[in-house]
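Each reported figure results from applying straightforward, stated rules to the coordinates on display, with no laboratory input. Just so we're clear, the structure is a prediction, and the values are computed from it rather than from any experiment.
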Amino acid sequence: MTGQIRPWGIRLSPRDRDATGATQQGLALALALRAAGQEVRFFAEPEGDAIAAIHRCGFALVEEAGRTAPTALGAAVGEGRLRGAVFASPAAAHDGLAEIAGRVPTAVIGAHDRSGAAGLMIDPSPGATVDPPAPGGRPVLAGLAYALLDPALGAVRDALRAEDAAPPTADRLLVAMGAPAGVHLALDALGRLEQRGVIVVLADRHMAEIEQISRQAERLGSAMVEVDWGDPTDYFRATDLVIGHGGWQLAGLLCCGVPSITLARDAADAGNVIAVAAAGATIDAGRIGDASPTALAETIAALIEDGDHRLRLRRAGVDLVDGRGAERVVEALLRLTDQGDG
C-alpha cells in the first residue's frame with residue numbers, strides 16, 4: 001500500500017468500562033498491530049478505566065462531536081478512513097457491526113467455534129478468505145493458539161519453560177472469578193479448609209456486592225481483597241493456585257504457568273473450560289450456579305497438597321498457550337487487507 005497509512009479502528013462496548021476483559025483483548029491486538037507497522041484508533045465512549053488504559057498505551061481515542069462511537073466508526077468506514085475494523089467483544093459488535101459488514105475486513109474478538117474454544121471471527125470483504133474456515137463457511141480463527149495476549153507474556157512463558165518445579169504445598173491462593181456469585185462460592189469453599197495459606201481476591205471496584213465480598217474475605221482472616229489491581233499478570237506470577245473463571249483470564253493463567261481450578265460463568269466460559277481441561281491444563285469445577293462449596297473445597301484441598309498434579313497442569317498450560325496469538329491474528333487480518341488491496 002502506498003501513501004498515507006489508513007489506521008485500524010477498534011471498537012469497545014460501553015460495558016467495557018474497566019481495564020480488563022475485552023479492553024485487554026483490544027489492547028493486545030492494538031499492540032500487535034502497532035508492532036506490525038499499523039496505526040490504530042479506538043472508538044469508545046470517553047469514560048472509565050478502559051479509556052485511561054488506552055491512553056497509557058499511547059493510542060488515540062476518536063471523539064466526534066454529536067456522534068456516538070458506533071456512528072463515528074461507521075462514518076470513518078464509509079469515508080474510507082479505516083483499513084479495517086475490530087470489535088473488542090460480541091457486545092461491542094452489537095452496536096455498529098451491521099452498518100459496516102462487508103465494507104472493510106471486520107473482526108469480532110470473542111467468537112467461538114463448535115468446541116467453545118475462544119477465537120476471533122473475521123468477516124472479510126467479498127472474495128477474501130481466511131484459513132481455517134469455520135463450519136458453515138464463516139472464517140474463524142479459533143482455539144487457544146489465537147488467544148489475544150500481550151506479547152510480553154510470550155517472554156514470560158518462555159522463561160517459565162526453564163523452570164520445571166512446583167512447591168510441594170500451595171501456600172499462595174488467588175481468587176479471580178469476575179462474577180460476585182463466583183467469588184462468594186470460592187470464598188465459601190476456602191472457608192471450609194483447615195489450611196489455606198494466604199488468599200488474594202481480585203475484585204472489580206464496580207462489582208456488585210463488593211462490600212459483602214470484603215466482609216466475607218475478612219472472616220477468613222488470611223484473605224485480602226484487591227480492587228485497584230491493574231495488570232493481573234503480577235498476581236498470576238506470585239501465586240501457587242488460582243480459582244478462576246473460563247473467560248479472558250484463562251489464557252493468561254496458562255501462559256504464566258499457573259495451575260488453576262476453573263468454573264464457568266456462562267455457556268461461552270463452559271466451552272473454554274471443557275477445551276482446556278481436556279488438554280490437561282486446568283481442573284473443570286463445573287458451572288458457578290451448579291457447583292457445591294463442599295465439592296469445590298475438596299478439589300482445592302487436594303490440589304493444594306499435590307505438587308505433582310500442579311506441575312502437570314503448569315506444563316500443559318505453557319505448552320497450550322505461547323503468548324503469540326495476537327501476532328497470528330494480525331497476520332490473518334493483514335492477509336485479508338492485502339487480498340483486498342490486490
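Hey, what do the phi angles of the stretch 93-99 turn into as Karplus ³J(HN,Hα) couplings, whole Hz, using 6.51/-1.76/1.60 and θ = phi - 60°, x for Gly and Pro?
6, 4, 10, x, 5, 4, 5
Beyond 26 Å, what percent of the Cα pairs of the stretch 164-278 remain?
Values: 881 of 6555 pairs.
Considering the stretch 164-278, 13 percent of its Cα-Cα pairs are separated by more than 26 Å.
Please give the length that would be gained between Ile5 and Glu305 if that part of the chain were fully extended, namely 0.36 nm times their separation in residues minus their C-alpha to C-alpha distance (nm, one decimal). Let's see the in-between values first.
Details: separation 300, 0.36 × 300 = 108.00 nm, distance 5.53 nm.
So the chain would gain 102.5 nm between Ile5 and Glu305.
Once fully extended, how much extra length lies between Cys57 and Arg237, figured as 0.36 nm per residue of separation less the alpha-carbon to alpha-carbon distance?
Gain in length upon complete extension: 62.6 nm.
Figure the gain on full extension for Ser222 and Glu331 (residue separation times 0.36 nm, minus the Cα-Cα span) and round it to one decimal in nm.
Details: separation 109, 0.36 × 109 = 39.24 nm, distance 4.59 nm.
Net length gain for the segment: 34.6 nm.
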